[in-house]
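Notes for the one structure printed next.
The values are calculated or read from the model by the stated rules, or taken from the named source; none is laboratory data. Nothing here was measured: the structure is a model prediction, and the numbers come from that model. With ligands, DNA and RNA removed, areas are computed over all heavy atoms of the protein, side chains included. Shrake-Rupley method; radii C 1.70, N 1.55, O 1.52, S 1.80 Å.
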Amino acid sequence: MKKIILTGIFLFLLSGTLFAQADIAAQPDPDKVFYLANGLYEKRDYEKALEEYNKILNSGMDSGSLYYNMANTYFKLGKLGYAVLFYEKAKRIMPQDSDLKTNLNYARSLVASSAVDIPRRNPIVTFVKAPFKDLSINAIALSALIIYLALIALMVVGIMNPVFYKKVRLACIVIGVIF
């Protein structure tokens, strides 16, 4: 009886694995779809290219290149608002890309010259974001980690040696505020 139950459980688990593999195999390869969409873009079939890019986006994949190409496609279709939106999304992932910055500024200038009003940002928010505007999320996270570890190290040494802590108390406060 035990053998039958164990065999049944094994077959059940095996069938689940096979179905999962069949489901994975049914999904198209995002790289192939991306290259297909790029080919459609080069052939100036922007509507179909956008459909292919959206397939990748709907599958849960995202990348700076995907957003950048989608923005270029929207730009070619004359949908400047969507173009700026996707340029901004791409900029969050790859902020140092010079082509992206150029295209984003150009699209913004076209939007600004049209009848659309672009709201001004809060000056406090602009001041706080200024040091981070050209950094990627990974660079910001790494910087925060380094600042955090420096703060912890100073505090641990300060706890172990109170004389040292009196000397670096101001540094600890400044680093804590920065963090």
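Brief remarks follow.
- Note on residue 59: accessible area is roughly 80 Å² with a 1.4 Å probe, heavy atoms of protein only.
- When the residues 62, 29 are ordered by accessible surface, computed with a 1.4 Å probe over the protein chains alone, the sequence from largest down reads 62, 29.
- Percent carbon-and-sulfur accessible area, segment 29-178, ignoring ligands, DNA and RNA, probe 1.4 Å: 62
- Note that segment 49-91 presents 46 Å² accessible area per residue, ligands and nucleic acids not counted, probe 1.4 Å.
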